[in-house]
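Novice: Structure provided below as structure tokens; questions to follow.
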């Protein structure tokens, strides 16, 4: 079942999201608690691919340029990797689904974040793709995507923490790992 704002607020008070905006903040591109989800923010830290070939089995960190900026212009038909402002601690009976915000979607931006598995914690690494044929700006410390929280009746048998997932407790933008 998708969880409501009351549930999200209670779980956030228990440490699920930090920093946490209890209400929708509407300065710039909105973020914070919504009726049935949480709109999270993109930080001002990015990795921009500058290499020739992307290979998820052989990610070369030298192929990425680190940028710290409040406004990032993503070239047409390209992508950047960023991280959330918020740190998440997902309960062991919860999984999330993520959707990009409509403000960016209307500009050709596609936000790709895999589900936050039960027991996962960390800053989420986010792939942000500009599918348009023109550059698009994104704004740090403003909303980038919305999480929906799905709660099960019981704890999962093996959580992400139990299996010592390779992206557990990540503090920075994390490239693909094998």
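Nothing in this text is a laboratory measurement; each read-out follows from the coordinates by a stated rule. Small disclaimer: the values here were computed from a predicted structure and weren't measured. Virtual Cβ from ideal backbone geometry, glycine too; neighbours counted across all protein chains shown.
Novice: Could you please state, rounded to a whole Å, how far the C-alpha centre of region 145-178 is from the C-alpha centre of region 62-132?
Specialist: So the separation of the two Cα centres works out to 15 Å.
Novice: Also, quick follow-up: Among DSSP bridges having both ends in the chain, what percentage is antiparallel? Round to the nearest 5. Walk me through the numbers on the way to the answer.
Specialist: Numbers: 44 of 45 bridges.
Close to 100 percent.
Novice: Once R0 is set to 45 Å, what does the formula 1/(1 + (r/R0)^6) return for the Cβ-Cβ distance between residue 73 and residue 166, expressed as a FRET efficiency to the nearest 0.05? Walk me through the intermediate numbers first.
Specialist: Details: r = 31 Å, r/R0 = 0.70.
Once the sixth-power term is evaluated, E becomes 0.90.
Novice: Could you give me the percent of Cα pairs per 5 Å distance bin for the chain, shortest bin first, beginning at zero and ending with the bin that holds the maximum distance?
Specialist: All Cα pairs, binned at 5 Å, distribute as 1, 8, 16, 21, 20, 16, 10, 6, 2, 0 percent.
Novice: So, one more: Show me 153-166, 74-87, 94-107 ranked by packing, highest mean number of other Cβ atoms within 10 Å first.
Specialist: Descending packing order for the listed peptides: 74-87, 94-107, 153-166.
Novice: Would you calculate a helix-derived [θ] at 222 nm for the chain, using -39,500 (n - 2.57) for each DSSP H run of n ≥ 4 and dividing by the full residue count, to the nearest 500?
Specialist: Calculated at 222 nm, the ellipticity per residue is -1500 deg cm²/dmol.
Novice: Rounded to the nearest 0.05, what FRET efficiency is calculated for residue 25 and residue 178 with R0 set to 41 Å and r the Cβ-Cβ distance?
Specialist: Using R0 = 41 Å, I get an efficiency of 0.60.
Novice: By per-residue mean of other Cβ atoms within 10 Å, what is the highest-first order of 168-178, 111-121? List each step's numbers first, then the result.
Specialist: Numbers: 168-178: 13.6, 111-121: 19.2.
Put in order of decreasing packing, that is 111-121, 168-178.
Novice: Further question on the same structure: Quick one: 136, 25, fewest Cβ neighbours within 10 Å first, how do they rank?
Specialist: 25, 136
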